[in-house]
Amino acid sequence: MTFKKISVGLIVLALLTACTAGRQAFDDGQSLIQEGKIEEGLAELERALKENARSVEFKTYYLRQKELYIAHLLVKAGNARAAKQYSDAESAYRRVFKFDPSNQHANDGLEGIRNDRRRDEAMANAEKVLKAGKTDEAQAIARSVLAEDPRHDGALKMIKALEDKAATQKHASSGLGAAFKKPITLEFRDANLKAIFEVISRATQINFIFDRDVRADLKSTIFVKNTSIEEVINLLMVTNQLDKRVLNENTVLIYPNTPAKNKDYQELVVRAFYLANADVKQTLNMIKTLVKTRDVFIDEKLSMLVMKDTPEAIRLAEKLIVAQDRAEPEVMLEVEVLEVKRSRLLDLGIQYPNTFTALNIATQNTSSTTGGVIVNTSAQTQNVVTIDTLKNLTGGSIAISPNLQLNLKKEDGDVQTLANPRIRVKNKEKAKIHIGEKVPVITTTSTANVGVAESVSYLDVGLKLDVEPQVYLDNDVGIKVGLEVSSIVREIRGQSGSLTYQVGTRNAATVLRLKDGETQILAGRISDEDRQSASKIPGLGDLPLIGRLFSTHRDETTQTEIVLLITPRILRNITRLDAAQSEFSSGTEGSVGSASLSLRPPAAPAPVVTLQGQGAPAPMPPAAQPVTAPPQPVAAPLTLSMATVPSIGKGQEFNLVIQAASSGEVKSLGFDLVYDPLLMEVVRVTEAAFLKQGNAATEFIGNPVEGADRLTLNINRTTGGARGTGAVAVVVLRALAEPGAAQVSIENLKAADAAGKTLSVTPPAPATINVTP
């Protein structure tokens, strides 16, 4: 007996020890987690789980807290990565491995950080290359970064700035070196084409390589002055049905512009586009229609489009896809539905008995035979009237209904049914809201030789709202609204026992166009019932005044009104494309995406190379000789100067004061303030006092344009002119570049005096501002 007691005690002690094992560590872990010390708390929970591995409570709580903490670390790392705080992001990702060594999200995050750093280094190199004036190389680097990460902020900004600058200057980059930008003057008449290129090559150190099929007897006539070599070469190519391929910064291959030669020499590029919003099939149709590309492949699962074409066609397709691949508008619809039902009941008066009955209580004798025995029975019959009964009619034979009733009843009822749903809908998509219940309807079906079968169907009762919004560019929202409010009026049970319902419905359908945030109220009374009934004693109930004592009246009024309030709130809308994105050159029918054929003066002053060919020995006829106009009288000269700070910190604003000095009268003045939009931006501009002398009224035009490379200023006095010295305008700029030098210059100067004569203007020297960290 003693041995059994000891054994039982040991078993109980073991069970108690097993139940309490790890409890202290578990409680400590919970306390640490509540204090915000997550990692220390998880360590205690892990220790508790090791001490008591069979505890479901310990294991469940530990796994839940570990998952929550891993999710917290991943979100923290993602935010740090988005803010380019790569060290903090790496630290958070590596802390995830402490709790989950094989976490795929953390592995992908670390790989993404390595790629982000590599792309950021590439963009830093692109900035340096851009400052060195190598725009094409910088643009190529930015595009390669966008090919890997279409949302890279730095690359998007650089491409946008370069495209805006190109659109402003109306000059597309061709990938040629600085030698092709030099201005040149050519005068050749019926000269051999190869000889023209030979002369250009000797004068400019540009190498030309000709395909063997370029005809040796080609001749050309060209007279151009102060035009860049690149544009002259393009003009000679087009007019002689030739094409070129740039091999390096000073070497060009020239070949006939035929389909066979284009296949041999024309470079083709393969580019994959991943679409975020556009339908890949619609994009495919657009590319085939506008770019005429035949080699296109789409993957609907990945929303990817791959095309093979010339670099110019690829650039054109990229611009088209950027214009099309835009997020669809979305709108939040706030709807309030209110159904108001008012009822009034007045039941007042005296309800008198309205029937009486003449009764005949007669006895009928009947006999029956039961077991050979005749039994006589008597029974009373009611409402059996005979002639003999009428003879014996007495007061006991007449029955009057005793239900004399005094009605004093008045009821007032107000019922409101309110629904306030909010639903988010994409543009031109239908959305449905059903708030209510499904009422079962049982149907019984009887089939011969089979039996009776019951089926259940459900009837929707309540509020049904169908909406279809259309978001417009001007932040208006068109809405197709369909509203149905239904309720059960009464139940109807069939002869076979099946149950059906009489349902009352109220419907409304309309089309609205509202502004963002505007609330529209649709309301109206859809039911108005007024019932009056009276029960009177004939004659007495119709008497004036006292007739109310011999009658009862029931007045019942029911009104039902429905109110719908709808408010659209635009969450996202399509933004209008700027001018550079909505309109751009697409080349010609034979060369899609090629640069426009035009001649423009060189961007910067340079020595002009003047060449005269052997094919033009005779001078131009006198009729074609340019006539030099006599010089116009020039008024007193005007000198402009710029004053600004020598250095400024990155991101800081500084003033640039434009000053004028004139010995004569100045009535109007206009010029362009030229700067690099990647290095600085104009914040605001204000007119100074020079042209306001004598409190004269002036017309001042000078509005900065975001992303532009120049600010155009025009100032005009309404009367008279100004003279002497003074400040013309004050321009506030902000430094955007990394530490280095930024330059501001003035171009396109024009001025006039009070008589309208043109003034000669001396432009100021460019101002250089050093940007410091």
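Read-outs: derived from the displayed coordinates by stated rules, not from any lab. Since we're looking at a predicted model, the values are computed, not measured. Ideal geometry is used to build each Cβ from the backbone, glycine not excepted, and the neighbour counts take in all protein chains shown.
Per-residue Cβ neighbour counts within 10 Å put Tyr458, Tyr675, Tyr274, Tyr62 in the sequence Tyr458, Tyr274, Tyr62, Tyr675, beginning with the fewest. Let me know the number of lysine pairs in the range 638-772 closer than 24 Å at the Cα, not counting same-chain pairs under 8 apart. Lysine pairs, 8 or more places apart or on different chains, close enough: 5.
Pairs of C-alpha atoms in the range 638-772 farther apart than 26 Å represent 22 percent of all such pairs.
Projecting each Cα onto the charge dipole of the range 408-566 (Lys/Arg +1, Asp/Glu -1 at the beta carbon, about the Cα centre), which of Ile537, His434, Gly504 comes out farthest on the positive side? Ranked along the dipole, the leading option is His434. Each Cα pair of the range 79-131 feeds into the Kirkwood radius, which the Stokes-Einstein equation turns, at 4 °C and 1.567 mPa s, into a diffusion coefficient of 108 µm²/s. Each Cα pair under 8 Å and six or more residues apart adds its separation to the average, and for the range 115-169 the resulting relative contact order is 28 percent. Summing Cβ point charges (Lys, Arg +1; Asp, Glu -1) relative to the Cα centre of the range 72-158 gives a dipole of roughly 200 debye.
If eta is 0.890 mPa s and T is 25 °C, what Stokes-Einstein diffusion coefficient results for the range 115-169, Kirkwood Rh from Cα pairs, in µm²/s?
Rounded to a whole number, D works out at 223 µm²/s.
Straight-line cross-link partners of Lys84 among the aspartates and glutamates, defined as a Cα under 13 Å from its Cα and at least 8 positions apart when in the same chain: Asp116, Asp120, Glu121, Asp153. Straight-line cross-link partners of Lys37 among the lysines, defined as a Cα under 26 Å from its Cα and at least 8 positions apart when in the same chain: Lys50, Lys59, Lys66, Lys76, Lys98. Sorting Tyr86, Tyr93 from the fewest to the most surrounding beta carbons within 10 angstrom yields Tyr86, Tyr93. Using the Cβ-Cβ distance between Val224 and Lys750 with R0 set to 35 Å, the FRET efficiency from 1/(1 + (r/R0)^6) comes to roughly 0.85.
Among 191-199, 276-284, 438-446, how do they line up by average Cβ neighbours within 10 Å per residue, starting with the highest?
On the way: 191-199: 18.3, 276-284: 14.4, 438-446: 12.8.
Highest mean packing first, the order is 191-199, 276-284, 438-446.
Assuming charge only on the beta carbon of Lys and Arg (+1) and of Asp and Glu (-1), the dipole of the range 472-566 about its Cα centre is about 420 debye to the nearest 20. Projecting the Cα atoms of Ser455, Ala523, Gly482 onto the charge dipole of the range 408-566, computed from C-beta unit charges around the Cα centre, puts Ser455 farthest toward the positive end.
Note: relative contact order over the range 638-772, using C-alpha pairs below 8 Å and six or more positions apart, is 38 percent. Within a straight-line Cα-Cα reach of under 29 Å, Lys308 can be paired with the following lysines, leaving aside sequence neighbours fewer than 8 residues apart in one chain: Lys134, Lys157, Lys160, Lys165, Lys170, Lys244, Lys261, Lys263, Lys281, Lys288, Lys292, Lys319. Look at where the Cα atoms of the range 298-357 and of the range 143-163 average out, and the two centres are 36 Å apart. Full extension of the chain segment joining Glu491 with Ser144 gains 117.7 nm, where the gain is 0.36 nm per residue of separation less the Cα-Cα distance. Pairs of Lys residues in the range 408-566 that lie 8 or more places apart, or on two chains, and have C-alpha atoms under 23 angstrom apart add up to 18.
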